[in-house]
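K.L.:
One structure follows; several queries about it will come next.
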Amino acid sequence: MEGMERAARNDMEVLTERTNSQILEIQAKADLAVKEALEERDEAIASAREEAAQNISVCEKLHSEDVAILTEKTREEVEKATLHARKVEDDAASRLAIMNE
């Protein structure tokens, strides 16, 4: 009986060691998987930030170009309006001069 108990205890210890070893292996694999997932996440975040910065840069450039175009168009419209106002003023002065004669 004592021999059987000793053998059973020995078997139990062997199984416990194997189980503990397997648990440690699984934990190590899980830790590695988590580390890799975090690295992938960090790379994805960095890539997204870089892409966002590039998009912002493109938008700023386009905005600057749009502002320049609108400024030029506004300048042209102001010049046209100024010329028209001068013409109207000149016409009015001419009419006034004719009327005063």
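The values are calculated or read from the model by the stated rules, or taken from the named source; none is laboratory data. Predicted model, so just to flag it, every value in this text is computed and none were measured. When we count neighbours, we look across all protein chains shown, and the Cβ atoms used for this are built from the backbone with ideal geometry, even at glycine. All accessible areas refer to the heavy atoms of the entire protein, side chains included, with ligands and DNA or RNA removed. Shrake-Rupley method; radii C 1.70, N 1.55, O 1.52, S 1.80 Å.
Each row is one residue, and each column tells you yes or no for (1) open to solvent by less than 90 Å² (accessible area, probe 1.4 Å); (2) modelled with pLDDT under 95.
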residue	(1), (2)
M4	no, yes
A7	yes, yes
L32	no, no
A37	yes, no
D42	yes, no
S47	yes, no
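K.L.:
Also: Collect the residues in the range 53-101 that are in a helix (DSSP H, G or I), surrounded by fewer than 10 Cβ atoms within 10 Å (Cβ to Cβ) and not aliphatic (A, V, I, L, M), keeping them in residue-number order.
P.N.:
Residue satisfying the conditions is N100 alone.
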